[in-house]
Amino acid sequence: MSKKLLLTLLPLTFLVAACSGANRPAQSSSQPTGVSASSVSTPESSSVEPDPDPEPEPDPGQEGRTEPVGIGFEVKVGQYYYELVENLLPDEGRNASYTASDVSFETGDKVSVTLNGEAVEIWAEADKNHGVYPNYDERPQDSKYGEFTITEGAIGNIYFHVNSDDSYSIWITPNQEGGEGEEGGGEEGGGSEPVVNAYAIYAGDEKVCDLTMTGTKDYQQRDQAEAKGVSLTAGQQIALTNTGTGASWLCPIEGWSFGGNSESSEAWKAYLEVVTVGEAQVWEVKQDVTVDIYAKFAWGNDSIYFGIAAAE
C-alpha cells in the first residue's frame with residue numbers, strides 16, 4: 001500500500017470511532033432530567049441504601065399552619081395557628097364576631113390570640129344558657145387571660161368576639177351538633193353522649209309550653225322554634241329552659257314584640273319585667289296576655305319574639 005492511501009484511511013478510522021460513541025461523556029451518578037433511576041444501571045446502585053422517608057408532620061386540623069401570618073386576628077392552638085374568620089353579622093351586643101371551625105384540640109394545648117402579631121388579653125366566657133361548659137380550665141372571673149388551657153382532646157370550634165367596649169371574649173367548645181366533635185371529648189373522652197337541645201318555657205317547675213323546632217334557620221343561621229296561643233298569667237315567673245340539660249336562662253326580647261314599632265322598642269316592658277329570684281333571672285308577667293312565641297337559638301346569640309295573638 002502506498003503512503004498516500006494510508007494517509008487517506010486514517011481520518012476515516014477516527015470518524016467511525018466518533019460515530020460509535022467513543023466520545024460519550026463519563027456517566028454521572030445523578031440521573032438526567034426525565035430519566036428514572038430504574039432505567040439506568042450503575043455499578044454502585046446495588047450497594048446504596050435509599051434515604052428513609054421523613055417522619056410525616058402531624059395533622060394540624062383544619063387550616064392549621066406552623067407559622068403565623070401576623071395580619072388580623074389569629075388563634076394559636078398548641079403549635080398551630082388558625083385564621084379567625086369574621087362572621088357576616090356580629091352576635092348580639094358585639095362589635096364583631098369571629099369563628100375558627102373544626103379545630104383539633106389536644107388535652108393541655110395552650111390557646112392564645114394575636115392581633116397583627118401582638119398577643120391580646122381575653123375575657124373567658126361560658127355558655128351557661130345551654131348548660132355546657134367551655135373546653136378550657138380557665139373560668140370567667142374579674143380578670144382577663146393571656147392564654148387558655150384545653151381541658152380535653154376534641155374537634156371543636158372557637159368563638160371570638162370584639163365586645164361593645166372593644167375588649168375581647170372567647171368561647172371554646174367541642175361541636176355540640178353534627179361534625180366529628182359531636183360527642184364532645186373524642187375517643188378518650190369516656191364516650192359521653194351528645195347534648196340534645198330541646199326547648200320550652202317554664203314557670204318554676206311547671207311547663208308553660210314547648211318550643212317546637214321548625215327545622216328552619218333565620219338570616220343569621222339560628223335554629224328557629226315556635227309556640228302559638230300561649231296564655232301568660234299576671235304574676236307568673238317564666239324563663240327559657242333547655243329540657244335536654246335542665247339549664248334556664250333569659251335572652252334578648254326583640255323590639256317588635258307585644259306590638260313594638262321598631263327593633264329598639266321596649267313595648268314588651270308593659271307585659272314582662274326582668275326580676276332576680278335567688279341567683280337566677282326570670283321574666284315576671286305583668287298582665288294576662290295570649291301570645292305567639294318565636295325563638296331563635298345559636299351559641300351566645302339567642303333571641304325571642306312575643307306576638308300578641310289575634311282574638312278568635
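The values are calculated or read from the model by the stated rules, or taken from the named source; none is laboratory data. What you see is a predicted model; the values in this text were computed from it and never measured. All Cβ positions, glycine included, derive from the backbone under ideal geometry; neighbour counts span all protein chains shown. SASA here: full protein model, heavy atoms, side chains in, ligands and nucleic acids out. Shrake-Rupley method; radii C 1.70, N 1.55, O 1.52, S 1.80 Å.
When the residues of the stretch 166-198 are filtered to those that are under 27 Å from residue 283 (Cα atoms) and open to solvent by 20 Å² or more (accessible area, probe 1.4 Å), the one that is modelled with the lowest pLDDT is 195. For the stretch 73-104, a residue qualifies if it is at pLDDT 90 or above, more than 11 Å from the chain's Cα centre (by Cα) and not β-branched (Val, Ile, Thr), and the qualifying residues are 73, 74, 76, 78, 79, 80, 81, 86, 95, 96, 97.
Scanning the stretch 256-269 for residues that are closer than 15 Å to residue 291 by Cβ and not basic (Lys, Arg) gives 256, 257, 258, 259, 260, 267, 268.
Scanning the stretch 115-141 for residues that are assigned to a strand (DSSP E or B), modelled with pLDDT of 80 or more and open to solvent by less than 30 Å² (accessible area, probe 1.4 Å) yields 122, 124, 136.
Among the residues here, residue 245 qualifies as open to solvent by 30 Å² or more (accessible area, probe 1.4 Å), in contact (Cβ under 8 Å) with a residue 60 or more places away in the chain and of a type in the set (Ser, Thr, Tyr).
Residues in the stretch 256-312 that are among the hydrophobic types (A, V, I, L, M, F, W, C) and part of a loop (DSSP other than H, G, I, E, B): 256, 298, 299, 309, 310, 311. For the stretch 146-156, the set of residues classified as within 14 Å of residue 112 (Cα to Cα) and buried (at least 19 other Cβ atoms within 10 Å of the Cβ) consists of 148, 150, listed by residue number. Under the condition of being assigned to a loop (DSSP other than H, G, I, E, B) and polar (S, T, N, Q), the residues counted in the stretch 209-239 number 4.
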